[in-house]
Structures are given as C-alpha cells and as structure tokens.
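Chemist: Sharing a structure with you now.
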Amino acid sequence: MSLIEWSAQALLLILLIAAIPFAIRLERALAALRRDRGALDASAAGFTEATRTAEATLVRLRAIAEVAGKTVSERVKVAEELRDDLRDLAERAETAADRLERALRAARPEGRSTESRLPSPSAQPEPSAMRSQAERDLLNALRIAR
C-alpha cells in the first residue's frame with residue numbers, strides 16, 4: 001500500500017470517527033420521534049373523539065332549537081289570535097259605550113242637575129245584569145288569558 005492509499009484510508013477513518021457522534025444524535029432524535037408518535041396518535045384519537053362528540057351535540061342542539069322554535073311559533077300564533085280577539089272586543093265595547101252615551105244624552109233633559117240624574121243605589125240593578133255581552137266576552141277572555 002502506498003502512502004496515498006494510507007492517507008486516503010486515514011482520512012476516511014477520521015471522517016467515520018467524526019460521523020459517529022452525528023449518527024448517535026440522529027438515532028436519539030429518531031427514538032424520540034418514535035416515542036412522540038404514540039403520543040401524537042393518542043392526541044389524534046382524542047381529537048377525533050371530541051369532534052364526534054361535538055357533532056352529536058350540535059345535532060341534538062339543532063333538534064332542540066327546532067322544537068323550541070316551533071313551540072314559540074305556536075305560542076305567537078295563539079297570542080296574535082288573542083290580541084285580535086281582544087282588539088275586536090275593545091272595539092265592540094267602545095261602540096257599545098258610544099251608543100250608551102248617545103242614548104243617555106238623548107234621554108237626559110238639558111236642565112236637570114247631575115245629582116237628580118243619578119239613580120239611587122238601591123234602584124240600580126245587580127252588576128251582572130247590567131253587563132253587556134261585550135263586557136261578558138271581555139271578562140271571559142281575560143279569565144282564559146290567566
């Protein structure tokens with residue numbers, strides 16, 4: 001073997017010795033990656049399970065919201081009907097009150113005083129007999145609304 005061959009062999013030996021610490025570091029890094037891969041797989045499985053749970057919860061939440069929306073819609077519909085009924089009753093009561101007022105004015109002579117126009121308490125009929133149909137309807141609607 002010549003000097004050049006010995007020199008080349010020595011250089012190769014030095015390079016191999018210098019590469020050993022790098023190989024050891026690489027081996028340790030790969031071992032750490034293998035260990036962390038298990039933790040990464042466990043984390044991915046946990047994330048997948050959490051995603052499934054969240055999706056199932058969203059489905060239930062949507063169903064509950066839909067039922068609540070239908071319930072609110074039905075109640076609003078009933079409330080609107082009651083509002084319309086009460087409005088009609090109020091209009092009828094107002095009309096009846098106007099007619100009653102006109103009838104009282106027509107029946108009342110202009111010169112009489114207020115005291116003489118009021119009937120005595122004993123002469124007044126029972127309150128339930130005085131109520132008009134509109135008043136009775138209004139009272140029934142209020143009882144139902146409670």
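Quick note: the coordinates plus some simple rules give every number you see, no bench work behind them. Keep in mind that what you see is a predicted model, and the values were worked out from it rather than measured. Every residue, glycine as well, gets a Cβ built from its backbone with ideal geometry; the counts of neighbours run over all protein chains shown.
Residue-by-condition table, conditions (1) more than 30 Å from Gln133 (Cβ to Cβ); (2) touching a residue at least 12 places away in the same chain (Cβ under 8 Å); (3) assigned to a helix (DSSP H, G or I):
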site	(1), (2), (3)
Ile4	yes, no, yes
Ala8	yes, no, yes
Phe22	yes, no, yes
Leu58	yes, no, yes
Arg75	no, no, yes
Leu82	no, yes, yes
Leu86	no, yes, yes
Leu100	no, no, yes
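Chemist: Mind checking whether some residue in region 59-76 is under 25 Å from Leu142 (Cα atoms) and of a type in the set (A, V, I, L, M)?
Modeler: yes
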